[in-house]
1. Could you look through region 1-23, keep only residues that are exposed (fewer than 10 other Cβ atoms within 10 Å of the Cβ) and at pLDDT below 95, and pick out the one that is farthest from L40 (Cα to Cα)?
2. May I ask you to list pairs of residues, at least six apart or on different chains, whose Cβ atoms are under 9 Å apart, with the first in region 1-20 being more than 29 Å from A34 (Cβ to Cβ) and of a type in the set (A, V, I, L, M, F, W, C) and the second being modelled with pLDDT under 95 and surrounded by 10 or more Cβ atoms within 10 Å (Cβ to Cβ)?
3. Looking at V75 and the list (1) β-branched (V, I, T); (2) out of contact with any strand residue (DSSP E or B) (no Cβ under 6 Å at 6 or more places or on another chain); (3) closer than 21 Å to V164 by Cα, which single condition is not satisfied?
4. Filter region 149-160 down to the residues that are in a loop (DSSP other than H, G, I, E, B), in contact (Cβ under 8 Å) with a residue 12 or more places away in the chain and closer than 26 Å to G111 by Cα and list them by number.
5. Limited to region 65-108, what total is found for residues that are part of a loop (DSSP other than H, G, I, E, B), of a type outside the set (K, R) and out of contact with any helix residue (DSSP H, G or I) (no Cβ under 9 Å at 6 or more places or on another chain)?
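The values are calculated or read from the model by the stated rules, or taken from the named source; none is laboratory data. Being a predicted model, the structure only gives us computed values, none of them experimental. Counting neighbours? That spans all protein chains shown, and the Cβs are built from the backbone with ideal geometry, glycine included.
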Amino acid sequence: MDLKSIFRTVPDFPKPGINFIDITPLLLNPGAFAWTIDELAKPYEGRKIDKIVSIESRGFLFGAPLALKLNAGLVVLRKPNKLPWETYSQSYDLEYGQATIEVHKDSLQPGETVVVIDDLLATGGTLGAALELMKRCECKVEGVSCVVELTFLNGRGALQPNPVHTIVTYDAE
């Protein structure tokens with residue numbers, strides 16, 4: 001399936017010079033959305049996955065159906081002060097500042113096998129922070145999955161040695 005023909009590119013969003021890949025048209029197409037979840041699940045079929053760890057906010061859109069498909073629990077990583085219980089926090093650098101994500105301390109147990117998912121892999125900052133949280137929780141990361149990868153930003157390298165699975169790649173800005 002050609003997801004690029006479904007996505008929309010929005011120039012100069014969220015700032016001039018950025019071409020934003022908008023995945024929301026995919027969500028309007030049930031067949032393409034189902035196909036995407038099937039593709040995200042393929043590398044993990046037949047493996048014991050305890051939890052899908054999804055990153056706020058677009059990662060939630062893919063994490064929830066993937067968790068159901070793989071018969072796994074769903075863990076949400078959120079921005080600060082959005083989770084009501086005790087959390088671990090991890091800060092990371094963005095192109096234009098810094099951000100932080102948090103996870104409930106009791107949502108993951110040492111030794112659990114997880115897949116970390118987000119909608120898009122760019123520089124790897126957010127996903128790298130998620131992987132640091134997984135280390136703190138003493139989880140085994142089976143892989144990192146994203147619908148879209150911007151290969152020209154080399155984010156995959158920041159996630160090594162974890163296996164990275166993406167469906168659609170963009171090779172130039």
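1. If we filter region 1-23 for residues that are exposed (fewer than 10 other Cβ atoms within 10 Å of the Cβ), which is where we start, we get 2, 5, 11, 14-17.
With the extra rule that they be at pLDDT below 95, the set shrinks to 14-17.
Working: P14: 27, K15: 30, P16: 31, G17: 30 Å.
Checked region 1-23; the qualifying residue farthest from L40 (Cα to Cα) is P16.
2. As it stands, the answer is I18/E95, since those pairs meet every condition given.
3. Of everything listed in (1) β-branched (V, I, T); (2) out of contact with any strand residue (DSSP E or B) (no Cβ under 6 Å at 6 or more places or on another chain); (3) closer than 21 Å to V164 by Cα, V75 misses just condition (2).
4. L159
5. The number of residues fulfilling the criteria is 10.
Yes or no, residue by residue, for (1) assigned to a helix (DSSP H, G or I); (2) surrounded by fewer than 21 Cβ atoms within 10 Å (Cβ to Cβ); (3) within 14 Å of the chain's Cα centre (by Cα); (4) not aliphatic (A, V, I, L, M):
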residue	(1), (2), (3), (4)
T126	yes, no, yes, yes
E138	no, yes, no, yes
G143	no, yes, yes, yes
V147	no, no, yes, no
N162	no, yes, yes, yes
T166	no, yes, yes, yes
